[in-house]
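Values in this text are rule-based calculations from the coordinates and carry no lab data. Worth saying up front: this structure is predicted, and the values here are computed from it rather than measured. No Cβ is skipped: glycine too gets one built from the backbone with ideal geometry, and neighbour counts run over all protein chains shown.
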Amino acid sequence: MTRARPLAQVYRHFGEVDAAGTSPLYQRVAVALSGSDEALRAIEAAPARKRHPPVILAALHDLALAGRAPALAAACAAADGDAAAEAAIDTLLRMTDAVVAIVARRQPQTFETGRCAVLYPAIAEAARRGGADAVGLIDVGRSPGLNLHVDRVGITYSDGRSLGDPFSPVQLSSSIVGNRSVPMRAVPEVVARVGVDRDPVDVTDADDARWLRACLEPDRPERTARLDAEMALAATAPPLLLRGNPVEVLPDAVARVPADALPVVTTTWALSRLPLESRLRFLHRLDDAATGRAVAWVSAEGVGVAPAIPTLGDRRASGHSTVGLAVFDRSTLRAAAIGRCWSQGRSLAWLADS
């Protein structure tokens, strides 16, 4: 929080702008919190970096889902914004310590299943360029590890083409921008799935799964249903989760991929949280890991965020992200921008030659 935008203003802005049009319930709750001095003082008991609305609202939702805030749970189930606002303030005042404990331990999670619509063709392209018949997926910084099951979902693009499993319980869609279609190349056999994060979330753990649901708006049941389908799919083949600084853990993750498979590291809007020095160290770690084998890196990051990936002359904060592909093969690095995407994968412009 900045002095120019005190806590009350932050919550009012979240309700009136960020939640407007997407979650009427959170819109009402956030505005109510912004007008309660007692509630704001309770929020200030949390660490400064954990006071922003998505984290506090997720903690309150977590208490409701756990059965510890029945009035709030009932209001959320009924999508009753006024009742939810009253119950949220009451819960926050009665259970301040519990809310603070949750936000101190947890990281907020965001879910945009369009990521897989970007990752699938990019991973298939990485395998093609690496001459690989099998890949090991290493997802960095997306702790639930749902990206690691990209090969097991179905994806339909707006031009009528489709990739993946048409019978998967998880079906996604993405709009194609421009005249170039996404190649209909399948991801080869996936022989390893490794998630790397400072605080990995295990979808087979009841508390972790509840936290993922808590990070969604209570009045968006379609998003919860989609998340449940994704978690159920992931739970049938749980990935190996490695805890630690991704830059430091990366070599160990690459070593977990069998020698006859191409390690494909994926980052989706994860590097922007790292300073430039750490992003450069991440690139060097990939180079080091490729000393005795080829390693690929597929990225979907803001323009100029992923080191070595060309920006194509695009400006930072231009409203879209760059889909990058880098192949490290011993002393050789081949890096290219193979696409642009918007809204974290809801729209995709494919650029690479087929």
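Amide H of residue 242: which non-local residues (sequence gap of 5 or more, or other chain) have their own amide H closer than 5 Å, using H built in the peptide plane?
Sorted by chain and number, the residues that satisfy this are 195, 196, 197.
Over 20 Å apart: what share of the alpha carbon pairs of region 7-105 falls there, rounded to a whole percent?
26
What is the Cα centroid distance between region 178-232 and region 21-49, reported in whole angstrom?
28
In the chain, if the dipole is taken from +1 on Lys/Arg beta carbons and -1 on Asp/Glu beta carbons about the Cα centre, which of 324, 224, 25 is farthest to the positive end?
Farthest towards the positive pole: 324.
How much net charge surrounds residue 304 when only other residues with a Cβ under 12 Å from its Cβ are counted (Lys, Arg +1; Asp, Glu -1)?
+1
Which values, in whole Å and largest first, are the semi-axes of the equivalent ellipsoid of region 139-194 obtained as the square root of 5 times each eigenvalue of the Cα gyration tensor?
Working through the eigenvalues yields semi-axes of 22, 13, 12 Å.
Out of 339, 100, 158, whose Cα points farthest toward the positive end of the dipole of the chain (charges: +1 Lys, Arg; -1 Asp, Glu; placed on Cβ)?
339
Just for the chain, what percent of DSSP beta bridges are antiparallel, to the closest 5?
Antiparallel bridges: around 50 percent, rounded to the nearest 5.
How big is the charge dipole of region 7-105 about its Cα centre, in debye rounded to the nearest 20, if each Lys and Arg gets +1 on its Cβ and each Asp and Glu gets -1 on its Cβ?
Its charge dipole is roughly 360 debye.
Please get the size of the charge dipole for region 53-107, origin at its Cα centre, with Cβ charges of +1 on Lys and Arg and -1 on Asp and Glu, quoted in debye to the nearest 20.
Computed charge dipole of region 53-107: roughly 300 debye.
Using only Cα atoms, what is the ratio of the radius of gyration of the chain to 2.2 N^0.38 Å?
This ratio for the chain stands at 1.03.
Lys/Arg Cβ at +1, Asp/Glu Cβ at -1, dipole of the chain taken about the Cα centre: which of 255, 211, 149 is farthest positive-ward?
About the Cα centre, the residue reaching furthest to the positive side is 255.
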